[in-house]
1. Using 7 Å Cα-to-Cβ label points, what is the PHE279/HIS47 separation (nm, one decimal)?
2. By counting other Cβ atoms within 10 Å of each Cβ, how are CYS246, CYS257, CYS132 ranked from fewest to most?
3. Magnitude of the Cβ-charge dipole of the stretch 68-317, K/R +1 and D/E -1, about the Cα centre, nearest 20 debye?
4. Return the aspartates and glutamates within reach of LYS345: Cα separation strictly under 12 angstrom, same-chain partners fewer than 8 residues apart disregarded; answer none if there are no such residues.
5. With a 10 Å Cβ neighbour count serving as the proxy for reagent exposure, in which order, fewest first, do TRP18, TRP59 appear?
6. With just the Cα atoms defining each centre, how far is the stretch 219-235 from the stretch 117-182? Give it in Å.
7. Rg and Dmax of the stretch 68-134 over Cα atoms: what are they, in angstrom?
8. Just the C-alpha atoms of the chain: what Rg/Rh do they give, with Rh taken as the Kirkwood radius?
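Computed from the coordinates by the stated procedures, all read-outs in this text should not be read as laboratory data. Since the structure is predicted, the reported quantities are computational estimates derived from the model, not experimental observations. Virtual Cβ from ideal backbone geometry, glycine too; neighbours counted across all protein chains shown.
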Amino acid sequence: MVPKEIKNLENLDRQYIWHPFTQMQDWQKEEPLIIERGEGNYLYDIHGKKYLDGVSSLWVTVHGHRKKEIDEAIKKQIDQISHSTLLGLSNVPAVQLAEKLIGIAPPGLKKVFYSDNGSTAVEIALKMAFQCSRKTRFLTFHHAYHGDTIGSVSVGGIDLFHQIYKPLLFDSIKANFENAADLIRQHHNELAAVIIEPVIQGAAGMLLQPPGFLKKLRQACDDHHVLLIFDEVATGFGRTGKMFACEHEGVSPDLMCVAKGITGGYLPLAATLTTLPVFEAFCGEYHEFKTFFHGHTYTGNPLACAAALANLKIFEEEQTIEKLQPKITHLTQGLARFQDMDYIKEVRQSGLMVGIELKSEKIRLGHQVILQARKQGVILRPLGNVIVLMPPLSITHDEIDFLIDVTFEAIQTVLKT
Ligand SMILES: *Cc1c(COP(=O)(O)O)cnc(C)c1O
């Protein structure tokens, strides 16, 4: 791209785009980094500069960018049809994908309700749990993140993002790992469901749950007839080293939300998976009005479903999960360097999800670290003062080394000053 075109794009960005989760006053002062293309685990900006995609383009990319099989599946689907509705009709890739999803899902999940992003997948789970149980309250966890729509914010627990909307939200019961079972026992008569990000709370800054916790939670829910919702939006599709994080504990939910990695990071698609008992609570004569009156316009979009089908096929053919284990071990070994670094409070990891928490509480330090890493050719996005590493599953050992080296040096450079 010639310099004049670059300047023009940068100016147009500042003039027209309101970026998500971004203080736009700061954005206006910084040079926007505009991505032009991707290839494998790398992004290229409009200057032609190459960056390792250290956070999978916000936790979505699975097998890398421009993955041949997914590119081709989408192109092939375009030649058939790009969109048709699931309201009153069905479409070929949506049907095929539903079968595949149930095939890989934790035992007991039998039905697929499509939507188009993680927040809606959660909204749907909440509405289903309410309508099926006729109970109105939800138990959630401190520091939980379930998306940005009003219902999913109502079950969120991150003050920085959620506090301001409090007047708009329904009230949920906030638990921690110690008191969750007690709270379920106390409140089971009013609890429609418990919702949790299994194994690791992502947006909270990669907070890990004690081993065995999900089993106890499942038991408490069963004992008191409360539904259990797993939000696997971030953890699903191999990110923690298993296809779904709850497999680490051999626990199945009643409803499961998936999104982010479902299309390999190509197109917006989400699904809420349910058990037969949940589904059957909605079945009856039409005049009983048990229908689930909910549906988004692009529900089950054929292009997105075709991408997801190709994504899952690659998992099978390339044995992605099986080949992940040595990469996870290699990453763990690389992270050992951070453990005894002066500036680090804690390093947390589950599979390819990593949070490196800086000791200093100084505001926007994480942001400075990622700007420094960017200079060295790595794209990261922090959560406050937690540096997040979440590379695509297709990352190689050499690229893990590069990611670790650049992150280490960026932290050193910023914090020693
Ligand atoms: C990202 C995320 C969501 C929200 O997904 P969107 O597609 O951004 O709406 C929900 N839950 C979890 C655990 C997430 O990480």
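1. If labels sit at PHE279 and HIS47, their model points lie 5.3 nm apart.
2. CYS132, CYS246, CYS257
3. 100
4. GLU357, GLU361
5. Going from least to most buried by this count: TRP18, TRP59.
6. Taking the Cα centre of the stretch 117-182 as reference, the centre of the stretch 219-235 is 13 Å away.
7. Spelled out, the Cα radius of gyration and Dmax of the stretch 68-134 are 14.7, 47 Å.
8. 0.96
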